[in-house]
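These notes are about the structure you will find just below.
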Amino acid sequence: MNILRILLTILAGLCVLMGLVWIGQGTGVFPYPASSFMIDQSPWILWGALLAAAGLAALWLLRRRR
């Protein structure tokens, strides 16, 4: 059960990081790679915020259930 908690924590952390990258690309703050279809596209700001929020909620739940 401990291995599962570690894997879920890693997955939740990756969701937060990926959400922040999506927000950065959607706002144009992180324009990498230069040919990405996500740069300066406002829907990716919303999707990134939702993914980051879901990752933070998962991390909070995982820390709470110790």
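Checking each residue of region 13-25 against the condition of being open to solvent by 60 Å² or more (accessible area, probe 1.4 Å), touching a residue at least 24 places away in the same chain (Cβ under 8 Å) and either in contact with a strand residue (DSSP E or B) (Cβ under 7 Å, 6 or more places away or on another chain) or of a type outside the set (A, V, I, L, M) (or both) gives at least one match.
Does any residue of region 44-53 turn out to be in contact with a Cys (Cβ under 8 Å, 6 or more places away or on another chain), surrounded by 13 or more Cβ atoms within 10 Å (Cβ to Cβ) and among the small types (Gly, Ala, Ser)? Yes, region 44-53 contains at least one residue that is in contact with a Cys (Cβ under 8 Å, 6 or more places away or on another chain), surrounded by 13 or more Cβ atoms within 10 Å (Cβ to Cβ) and among the small types (Gly, Ala, Ser).
Yes or no, residue by residue, for (1) in contact with a Pro (Cβ under 7 Å, 6 or more places away or on another chain); (2) among the aromatic types (Phe, Trp, Tyr); (3) under 13 Å from residue 53 (Cα atoms); (4) outside any loop (DSSP other than H, G, I, E, B):
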site: 5; (1), (2), (3), (4): no, no, no, yes
site: 10; (1), (2), (3), (4): no, no, no, yes
site: 13; (1), (2), (3), (4): no, no, yes, yes
site: 17; (1), (2), (3), (4): no, no, yes, yes
site: 20; (1), (2), (3), (4): no, no, yes, yes
site: 29; (1), (2), (3), (4): no, no, no, no
site: 35; (1), (2), (3), (4): no, no, no, no
site: 39; (1), (2), (3), (4): yes, no, no, no
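Residues that are modelled with pLDDT under 90 and under 20 Å from residue 16 (Cβ atoms) within region 37-48 comprise just one, 38.
Considering each residue of region 28-44 in turn, at least one proves to be on the phi > 0 side of the Ramachandran plot and of a type in the set (D, E, K, R).
The values are calculated or read from the model by the stated rules, or taken from the named source; none is laboratory data. Everything numeric here is computed off the predicted structure, so don't read it as measured data. All Cβ positions, glycine included, derive from the backbone under ideal geometry; neighbour counts span all protein chains shown. Areas reflect the complete protein model, heavy atoms only, side chains present, ligands, DNA and RNA absent. Shrake-Rupley method; radii C 1.70, N 1.55, O 1.52, S 1.80 Å.
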